[in-house]
Amino acid sequence: MTKFTDLKLDPAVLKAIEEAGYETPTPIQEQAIPPALEGRDVLGIAQTGTGKTASFTLPMITLLSKGRARARMPRSLVLAPTRELAAQVAENFDIYAKYTRLTKALLIGGVSFGEQERLIDRGVDVLIATPGRLLDHFERGKLLLTGVQIMVVDEADRMLDMGFIPDIERIFQLTPFTRQTLFFSATMAPEIERITNTFLQAPVRVEVARQATTSETIEQRLVELTPTRKDQTAKQKRELLRALIKAEGDALSNAIIFCNRKTEVDIVAKSLKKHGFNAAPIHGDLDQRQRMQTLDGFRDGTLQFLVASDVAARGLDIPAVSHVFNFDAPSHAEDYVHRIGRTGRAGRKGVAITIATPADKKYVDAIESLVKSPIPRAPLPEGFAPSAASERAPEKGEEKRKRSPRRSAERDRPIKSHGHEAPTTPIEQPPAAVAERDSTPGSDAAKPAAESPAKPAEAVQANRAPERKSDRGRTRKDNKSSDQRNGKNRGDRTPVVGMGDHVPEFLMREFRPSKS
C-alpha cells in the first residue's frame, strides 16, 4: 500500500501531513501527485469528497519550496468557484505549509480591497481567489499574473454552472504559456473538454472513479410525496422533512438540507427554527462574515442543521456529516452527485434522502440516468400525514388573488354600447320596507286604482320635451327589446334607484342620430 512517504514530497510537508493524522493517500492523491511533482499538466476527474484539494496543495508546496515571491507577482494561482471553497483551500494550505516559509493571499468577495492589496504588495507565493475578485484586482492595476508558475483550476464544472468560463479563459491568457496547469473537475462537460484541449499541454489524465458516480458508503433513499393540494406542496414538504428528521433519531448527528432557491433556503431554515431545530441558512446573498460564521458553527458542532443552496454543494470539506436531505430534487442531475457527496466522506457511512413530488419526475429520471442506477424508494415515515390545517388554509398570497369587491362591482357595472346604458337588474326592496310604504296613509297603494298617479314610465314621457314621431317609435322599440332581453314586460319597470318617480330629461335623451 502506497504511503505519503513514498510520493517524494518535501520533508516539511510530510511532517505536517503526519501531524494532521494522515498516512495513506486517497486514489486521486496517489495518482495525481507524482506527475504534478514532475512538472506535468494534470487533468483530474473524481467525484466530490475524494481528496482533490490535497492532490494539488501538497505538490504545490513542494515545488514552491525553492524560490522567492516578488511584489504583486504571485508564483502560483488557485481558482475556486465560491468563497467558501477558496477559504477551504486556504485552510488546507495553512495546515500543510506550516513548516515552510511560503506566504499566501486569499482574494474573495465580501472582504475589503485594502487588506488584500497589502498582502499582494508584499508578495505572495500562493494566491487563492475567485475569478471575479481576481480580475477586479488585475483591472485596478494591483496585480500581475506574468510570474505564475503553477495554475490550479478546482471544481471546473461548477465554474461552468456559475458562468465563470469566459473569466477562466481570460485568466489563462493573462498567465505565461510555460505555466504548469492542474485542472480538476467532477464531470467533463463538452465546454470543459474544450478548455482542457485549448490550455493544457499533453495532460496526464487521472480518473479514479466513473464520472458522475455516487459513493458506495452513502445509503440513498427517495421519499415520494403526493400533495393534497398543489398550493400546499411547499408546506407539506416542510412537514415531511421534519418527520424524516425525527424518524432518523439518534442516527442523525447533523445534516445539510439542500434547496434549489435562495428564498426557499430562508423559509426552510426559519420553519425548522420555529419548530425547535438548531438550523441556519447559507446562500450567496448572505454577508460573507455571516456565511463563514455559519460554516464554522456547523463544523464545530454548535449548529446541527445547515440549510443550503448549491453554493455549499461543491468542495466543502466537512467530514462528519451524517445526513444529507434534498428538500428539492436538483434540477441538474450532476448537482445530485455533489450534494450527496457531502456525506459518507473519508470512509464514513452516510445517508442521503431526497423528497420528490410528482412534478419532480423528470428530474429524478435524469438523475437515475446519470448515475445509471435507480434510487431506492422509501416509504413515508410511520404515522406521517399532512396536517388538516395545511389542507384548509390558503397559501400565502392566495387571499390577494381573490377578486376584491371593488373589482367585482366594476366588472358587474353596466356596459355602454352605442350610446345606451345597458339596463340594470331591478333591485328588490325588502318586504318590510314595502309593507311600511303600503301602510302609510296617503300612499299611492292606499288610493283607488282610478286615482293612482301615472306609472313611472308615463310620468317620464309626460315630462319629456316633444319628440318627433320617428324618435318616439325608435325609443319604444328599444325599450321593448331591452325589456324582452331582461325577461320582463314594459309594465314591470321600477323607478331608477335614488331618483324617485322623476327622472331628469337629460338622462333619458337619445344621442344616436336619426336615420332621417
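Condition check: hydroxyl-bearing (Ser, Thr, Tyr), out of contact with any Cys (no Cβ under 8 Å at 6 or more places or on another chain), touching a residue at least 40 places away in the same chain (Cβ under 8 Å) and part of a helix (DSSP H, G or I). Does Thr196 satisfy that? Walk me through how you get there before you give the answer.
Values: hydroxyl-bearing (Ser, Thr, Tyr): yes; out of contact with any Cys (no Cβ under 8 Å at 6 or more places or on another chain): yes; touching a residue at least 40 places away in the same chain (Cβ under 8 Å): yes; part of a helix (DSSP H, G or I): yes.
Judged against the criteria, Thr196 is a match.
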Need at least 1 residues that are touching a residue at least 60 places away in the same chain (Cβ under 8 Å) and under 24 Å from Ser55 (Cα atoms) per element, so show me which helices (runs of 4 or more DSSP H) inside the stretch 86-184 make the cut, counting only ones lying wholly within it.
-> 156-161, 165-174
Complete set of residues in the stretch 242-259 that are in contact with a helix residue (DSSP H, G or I) (Cβ under 8 Å, 6 or more places away or on another chain) and crowded, with 21+ Cβ neighbours inside 10 Å | Ala255, Ile256, Ile257, Phe258, Cys259
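From the list Thr103, Thr146, Thr181, exactly one residue is polar (S, T, N, Q) and modelled with pLDDT of 95 or more. Which is it?
None of the others qualify; the one that does is Thr181.
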Kindly establish whether Leu144 is in contact with a strand residue (DSSP E or B) (Cβ under 8 Å, 6 or more places away or on another chain), at negative phi and not polar (S, T, N, Q).
-> yes
Taking the condition more than 18 Å from Gly147 (Cα to Cα) and either in the same structural domain as Gln293 (by TED's automatic domain parsing) or surrounded by 19 or more Cβ atoms within 10 Å (Cβ to Cβ) (or both), does Thr100 pass?
-> no
Please state which of the following conditions Leu43 fails to meet, knowing it meets all the rest: (1) outside any helix (DSSP H, G or I); (2) more than 24 Å from Thr214 (Cα to Cα); (3) within 32 Å of the chain's Cα centre (by Cα).
-> (2)
Just checking, which of Met159, Met151 is buried (at least 20 other Cβ atoms within 10 Å of the Cβ) and at pLDDT 95 or above?
-> Met151
Do we find a residue being assigned by TED's automatic domain parsing to the domain that holds Asp231, polar (S, T, N, Q), at pLDDT below 90 and in a helix (DSSP H, G or I) anywhere in the stretch 378-393?
-> yes
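Give the residues of the stretch 16-67 that are among the basic types (Lys, Arg) and within 24 Å of Asn197 (Cα to Cα), sorted by residue number. Give the steps one after another, and end with the answer.
Step one: list which residues in the stretch 16-67 are among the basic types (Lys, Arg), which gives 40, 52, 66.
Hits for the stretch 16-67 are Arg40, Lys52.
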In the stretch 109-125, is there at least one residue being among the hydrophobic types (A, V, I, L, M, F, W, C) and touching a Pro at 6+ places or on another chain (Cβ under 6 Å)?
-> yes
Pairs, first assigned by TED's automatic domain parsing to the domain that holds Gln304 in the stretch 240-260, second among the charged types (D, E, K, R) and crowded, with 16+ Cβ neighbours inside 10 Å, C-beta under 8 Å, six or more apart = Ile256/Arg339; Ile256/Arg342; Phe258/Asp310; Phe258/Asp328; Phe258/Arg339; Cys259/Asp328; Asn260/Asp310; Asn260/Asp328
Identify, by number, the condition in (1) assigned to a helix (DSSP H, G or I); (2) touching a residue at least 12 places away in the same chain (Cβ under 8 Å); (3) farther than 26 Å from Arg291 by Cα; (4) of a type outside the set (Lys, Arg) that Thr24 doesn't meet.
-> (1)
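The values are calculated or read from the model by the stated rules, or taken from the named source; none is laboratory data. Predicted model, so just to flag it, every value in this text is computed and none were measured. All Cβ positions, glycine included, derive from the backbone under ideal geometry; neighbour counts span all protein chains shown.
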